[in-house]
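Below is one structure; the comments refer to it alone.
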Amino acid sequence: MFYTSLQFLFNRYNIPPVLYLTNYMQNLIKLFSILQLTKEQPLTGYLLAGLKLNEVPTLAEHHYTCALMGYLLGEKIKKAIEQ
């Protein structure tokens with residue numbers, strides 16, 4: 001599927017594959033840079049509540065926990081619907 005969507009872009013907009021992949025890699029680098037920032041950003045609500053910086057979870061930890069909980073809840077709901 002990914003390959004066919006790339007072929008569609010190449011054919012539709014006359015984009016050379018090398019140029020598209022270069023832009024794709026640059027966007028990946030930007031994404032990883034943003035993810036690195038979230039790894040260093042503390043959740044400020046806890047700081048305002050008086051917790052110390054080393055006791056406060058980071059934004060990345062929060063995102064990971066929320067994504068994992070959402071996935072697990074979705075799986076439970078899917079199993080409940082199938083029964």
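Assorted remarks:
- Our coupling estimate for the range 52-65, obtained by passing each phi through the Karplus curve with A = 6.51, B = -1.76, C = 1.60 and θ = phi - 60°, is 7, 4, 6, 9, 8, x, 8, 5, 5, 4, 5, 4, 4, 4 Hz, Gly and Pro reported as x.
- Counted residue by residue at 0.36 nm each, then reduced by the alpha carbon distance between them, the extension gain from Glu75 to Leu51 reaches 5.2 nm.
- Sequence-ordered 3J(HN,Hα) estimates for the range 44-50 from the Karplus curve with 6.51, -1.76 and 1.60 and θ = phi - 60° stand at 6, x, 5, 5, 5, 7, x Hz, glycine and proline given as x.
Any read-out appearing in this document is the output of simple, stated calculations on the displayed coordinates, not a laboratory observation. The structure presented is a predicted model; accordingly, all values stated were derived computationally and were not measured.
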